[in-house]
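Here is the structure we will look at, set down as C-alpha cells.
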Amino acid sequence: MKHFLKFLSASLIFLVAASGCKEYEATIVTGEVKAPILKYIKMPSQDETIPGSHVYIEGAGFSVEDIVACKSLEGEADFNASVISADNYGIDIEIPVTAGGEYEVSVTRSDLTTVIDEHLFVAFVFTLDNVAVPASASPGETITIQGEGFESGDKVRFVSSYYPAGIVFNTDAVISETGITVTVPDDCYGINNLTVIRGKKSCPVGNMKVPVMPGDQTGGGIVFYVSDGGAHGLIVAPANAGNAQTFGPSIQVVPYATGTSEAIYAGKENTSILVNGITSWRSAGNSTPPTTAELCNNYSVEVSGIVYDDWFLGSFDEMKELFIYRSTLSSPYAFVPAENYWTSTVFPGSNWAWAYFYVNFWESTNLVTGAAPCDVWVIAARPIRRF
C-alpha cells in the first residue's frame with residue numbers, strides 16, 4: 001500500500017508539471033532581492049531644495065543602489081537624481097541646476113519600484129556669480145548690477161515690505177559688459193529687495209535704497225518726513241479722514257489703550273492698540289460710532305491703479321513733524337487745511353483715556369499743541385503711512 005501511494009503521488013506531480021497550469025508556476029530567484037521598502041519619509045522643504053545642490057530625504061530603507069526618478073508635475077523636464085550617499089536615516093541626492101517645481105519621486109531597486117507618497121518641491125531659483133548691487137539709486141535712475149550668468153530676457157523685480165500687498169515693480173534688463181543695466185521704476189521708494197526673474201525662476205540679488213525727499217509725491221500721498229538719508233519716512237494722505245468729530249468714548253487706559261507713545265514711527269502701533277482696544281470694549285457690551293483711530297485705520301486711496309490702505313493716525317511727534325514741514329511751504333493752508341488735528345497718543349496722568357494730544361494747524365508757523373478731551377472736542381484727523 002505504501003509503495004502504491006508513493007507511486008500515485010509521484011504521478012500527480014508529473015502530471016501537474018506537464019499540464020502547464022499557470023497557477024502552479026513559480027519564479028525561482030537566486031541571490032538576495034532588495035525591494036525598495038521605504039518608511040518614515042520626510043521630504044526637505046522647498047527653501048532647502050535649491051537647484052544644483054545636494055538635498056537629504058529622510059526615511060528608512062534607502063540604498064546607494066537606488067535609482068531615484070523625479071517626474072515633473074509642472075511641465076518641467078524629468079530627471080534621475082544622482083545618489084551621493086544613503087544610510088539608515090535617509091538618502092542624499094543631487095538636484096540638477098535645471099530643476100524647478102513639484103515632482104513625483106519613485107525609487108527603483110532590482111527592477112522593483114516604489115512611488116513615494118510625498119512630493120519633492122524644488123525652488124524655482126537659479127544662481128548668479130559675483131553679484132554686486134548699487135547701495136542706493138533714485139527713482140528713474142539707470143543702474144548697473146554687476147555679475148556673471150545673466151541672460152537675455154532677464155527682468156529685475158523691485159519689492160518692498162512697505163508696498164501694498166502684492167505690489168511689485170518689474171523692469172527689463174539689458175546685458176552689459178559687466179552685468180546688466182536697469183532703470184529704477186518711478187514708483188519705487190524706501191528699501192527695496194531686488195530679484196532677477198527668468199521665466200518661472202528667480203535669483204535674489206540684494207537690497208538697495210531708493211531714497212526720497214520731503215515733498216516727493218509717492219506711496220499714495222506726499223512725503224513729509226525722512227530718516228536714514230531718505231530710505232525711511234512718513235507720507236501724508238491727500239485728504240482728511242474726518243473734519244469734525246470726537247475722538248471716541250473715554251475708556252480705561254488699562255486694558256483698552258495701554259502703551260501709546262509720542263515717538264516718531266509709533267503711530268502705526270498706537271493706532272493698532274486703540275483699534276484693538278475699542279473692539280474689545282465693544283465686545284463687553286458697549287457701543288460707539290467709528291472712532292477717529294478706526295477712521296484712519298480704514299482709510300484708503302487709489303493712485304495709478306494701486307490701492308494704499310495701510311494708513312494710521314499719527315503719533316504726537318509725527319503730527320508735529322507734519323506741521324513743521326507744512327510751515328515751510330508757501331501755501332501751508334492749501335497743503336493741510338486749517339484745523340486742530342487729533343493724534344494717536346493718549347494724554348498721560350489718568351487711569352482713563354479722557355484726552356489725546358492734538359496739534360493746532362490753524363497756525364501757519366507757530367507750533368501749538370495741547371490735550372483735547374476725546375468725547376467733547378470735535379476736530380479733524382489726517383491719516384499718514386510709513387516706509
**OP:** Calculate the dipole size of segment 265-387 relative to its Cα centre from +1 charges on Lys and Arg beta carbons and -1 charges on Asp and Glu beta carbons; express the result in debye to the nearest 20.
**Re:** 60 debye
Original post:
Per 5 Å bin from zero, what fraction in whole % of the C-alpha pairs of segment 268-337 is there, up to the bin with the longest pair?
Top reply: 3, 14, 17, 17, 19, 16, 8, 4, 2, 0
Original post:
Given Cα pairs under 8 Å that are at least 6 residues apart, what percent is the relative contact order of the chain?
Top reply: 11 percent
Original post:
Between L120, W362, A173, whose Cα lies farthest towards the positive end of the dipole of the chain when Lys and Arg beta carbons carry +1 and Asp and Glu beta carbons carry -1, centred on the Cα centre?
Top reply: W362
Original post:
In degrees, nearest 10, range 0 to 90: what is the angle between the Cα axis of helix 267-283 and the longest Cα principal axis of the chain?
Top reply: 80 degrees
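Express in % the proportion of alpha carbon pairs of segment 247-380 at distances exceeding 19 Å.
Numbers: 4491 of 8911 pairs.
Tail fraction, whole percent: 50.
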Subject >> Rounded Å value of the spacing that divides the Cα centres of segment 238-299 and segment 84-102 >> reply: 53 Å
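Whole-Å semi-axes of segment 159-206's equivalent ellipsoid, largest first, each the root of 5 times a Cα gyration tensor eigenvalue?
Working: eigenvalues 81, 34, 19 Å².
After scaling each eigenvalue by five and taking roots: 20, 13, 10 Å.
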**OP:** For segment 129-210, calculate the relative contact order in percent as a whole number, restricting contacts to Cα pairs under 8 Å that are 6 or more residues apart.
**Re:** 35 percent
**OP:** Give the whole-number value, in cubic angstrom per residue, of the convex hull volume spanned by the C-alpha atoms of the chain.
**Re:** 270 Å³
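As a check on your grasp of the helix formula, calculate [θ] at 222 nm for the chain: sum -39500 (n - 2.57) over DSSP H runs of n ≥ 4, divide by the residue count, round to the nearest 500.
On the way: 6 runs with 61 residues, N = 387.
Result for the chain: -4500 deg cm²/dmol, rounded to the nearest 500.
What is the ratio of the Cα radius of gyration of segment 129-210 to 2.2 N^0.38 Å, with N the residue count, to two decimals?
Numbers: Rg = 11.7 Å, N = 82, 2.2 N^0.38 = 11.7 Å.
So the Cα radius of gyration is 0.99 times the expected 2.2 N^0.38 Å.
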Original post:
Could you give the angle, 0 to 90 degrees to the nearest 10, between helix 2-19's Cα long axis and the longest principal axis of the Cα atoms of the chain?
Top reply: 60 degrees
**OP:** Express in whole angstrom the spacing between the alpha-carbon centres of segment 303-366 and segment 123-141.
**Re:** 38 Å
Original post:
When each pair of different Cα atoms in segment 39-122 is counted once in the 1/r mean, what is the Kirkwood radius in angstroms, to one decimal?
Top reply: 12.6 Å
**OP:** Please determine, in degrees from 0 to 90 and to the nearest 10, the orientation of helix 316-327 with respect to the longest principal axis defined by the Cα atoms of the chain, where the helix direction is its Cα long axis.
**Re:** 60 degrees
Original post:
In debye to the nearest 20, how big a dipole does the chain give about its Cα centre with +1 on each Lys and Arg Cβ and -1 on each Asp and Glu Cβ?
Top reply: 860 debye
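With an 8 Å Cα cut-off and a minimum separation of 6 or more residues, compute the relative contact order for segment 210-328 in percent.
Details: 173 pairs, mean separation 29.9, N = 119.
Relative contact order, segment 210-328: 25 percent.
For segment 57-190, count the residues as N, evaluate 2.2 N^0.38 Å, and divide the Cα radius of gyration by that value, please. Each step should come with its number before you reach the end.
Numbers: Rg = 20.9 Å, N = 134, 2.2 N^0.38 = 14.1 Å.
That ratio works out to 1.48.
Since every read-out is calculated from the coordinates, none of them should be taken as a lab result. Nothing here was measured: the structure is a model prediction, and the numbers come from that model. Positions of Cβ are backbone-derived with ideal geometry, glycine not excepted, and every protein chain shown enters the neighbour counts.
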